1. Listed residues Glu148, Glu113, Glu90, Glu128; which is modelled with pLDDT under 95 and open to solvent by 30 Å² or more (accessible area, probe 1.4 Å)?
2. Cβ contacts < 7 Å: first residue among the hydroxyl-bearing types (Ser, Thr, Tyr), restricted to segment 12-26; second residue open to solvent by less than 10 Å² (accessible area, probe 1.4 Å), any location; separation 6+ or different chain. Result?
3. Yes or no: Arg196 among the basic types (Lys, Arg) and open to solvent by less than 50 Å² (accessible area, probe 1.4 Å)?
4. Just checking, how many residues over segment 1-28 are more than 22 Å from Phe201 (Cα to Cα) and out of contact with any Asp or Glu (no Cβ under 6 Å at 6 or more places or on another chain)?
5. Is at least one residue of segment 70-78 touching a helix residue (DSSP H, G or I) at 6+ places or on another chain (Cβ under 7 Å), touching a residue at least 12 places away in the same chain (Cβ under 8 Å) and buried (at least 21 other Cβ atoms within 10 Å of the Cβ)?
6. Is there any pair linking a residue in segment 138-149 that is free of Cβ contacts under 8 Å to residues at least 24 places away in the same chain to one that is among the aliphatic types (A, V, I, L, M), with Cβ under 6 Å and at least six apart or on different chains, and which?
7. Quickly run through segment 269-299 and pick out the residues that are in contact with a strand residue (DSSP E or B) (Cβ under 9 Å, 6 or more places away or on another chain) and open to solvent by 50 Å² or more (accessible area, probe 1.4 Å).
8. Residue under question is Glu119, and the condition is that it be at pLDDT 95 or above, surrounded by fewer than 18 Cβ atoms within 10 Å (Cβ to Cβ) and within 20 Å of the chain's Cα centre (by Cα); does it hold?
Amino acid sequence: MKSPLLSLPGAVPAEGRDEGVAAHYGDLFPEQRALADGNGFVDLSHRGVITVTGDDRLSWLHLLITQHVSDLAPHQATEALILSANGHIEHAMYLVDDGTTVWMHVEPDTQGELIAYLESMKFFYRVEVADRTGDIAVVHLPAGSIAEVPDGAAVRETPQGRDLFLPRADLEAYAAAHGPAAGILAYEALRVEGHRPRVGFETDHRTIPHELGWIGGAVHLQKGCYRGQETVARVHNLGKPPRRLVFLHLDGSEVHLPGHGTPVRLAADGQEGRQLGFITTSARHHELGPIALALVKRNVAVDAELLAGDTAAAQETVVEP
């Protein structure tokens, strides 16, 4: 989905997974500062939107996802994962129930695959699953924002701010009334600062929730009956995950940020040393400078100096070894 807000002055299109919205509108750091201060909004209209309706919607979803939602109160935001049979992360769902409908947004262009899985699991439950990406757009308001929410819009409120599900036809009018707009790069920099993982960035084909700190947040440990639950319970009760998420402060003298997949090694071993992990997301932060998230082997010492490619990196613990 290509956002109409790409026509705003200064808009520079994002690339890769976030293609379809603006990377920035000409002022990356001021856009970050505005969001950090609770001003403006972020266009997330490229994300997939799915609704689930019907009397059994919560009890049915409860059987399929990692979150406890059978008694989810109206307007209470939560997040959940879909795992493979081996416990590997396949989808992350950011959802809220408004009393009659579960609204969720997911990674761009993944809604079709997720809907196909949900449809295959309907059986005799009274539920209807719909792809609303074509007519509903997601807009993010940062924490502290006093912007009004249009009547009838579903709202998902979290400590990071509010996600609004707006009619796509109203997106330009909303932007005109509630700017300034901030690009996805500003949003991502604050996500990295907050150590919040994202499917397709912090995950690969073998990532399990424990590696990213999703246990207790997106994964409820006091429920079973979902695909991959055995792996979640076994690792939690009997072992440790093979990798862990770390936050990196990168050497600010480097011109280029290390991209996704850049090898991470011990600084003492140099660039010829054994690879211990990889960069998942890097960003330029308005206060912290260049920062990144990385997935490294669990036994990497928490105080070890690292290299991300040829860039020096000091780590902060996100997931305990």
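The values are calculated or read from the model by the stated rules, or taken from the named source; none is laboratory data. Since the structure is predicted, the reported quantities are computational estimates derived from the model, not experimental observations. Reconstructed Cβ throughout: ideal geometry from the backbone, glycine too, with neighbour counts over all protein chains shown. SASA here: full protein model, heavy atoms, side chains in, ligands and nucleic acids out. Shrake-Rupley method; radii C 1.70, N 1.55, O 1.52, S 1.80 Å.
1. That would be Glu148, the only listed residue that is modelled with pLDDT under 95 and open to solvent by 30 Å² or more (accessible area, probe 1.4 Å).
2. These pairs meet every condition: Tyr25/Gly183.
3. It is false that Arg196 is among the basic types (Lys, Arg) and open to solvent by less than 50 Å² (accessible area, probe 1.4 Å).
4. Result for segment 1-28: 9.
5. no
6. From residues that are free of Cβ contacts under 8 Å to residues at least 24 places away in the same chain, the pairs are Val149/Val155.
7. Across segment 269-299, the qualifying residues are Asp269, Gln271, Glu272, Arg274, Gln275, Arg284, Leu288, Lys297, Arg298.
8. It is false that Glu119 is at pLDDT 95 or above, surrounded by fewer than 18 Cβ atoms within 10 Å (Cβ to Cβ) and within 20 Å of the chain's Cα centre (by Cα).
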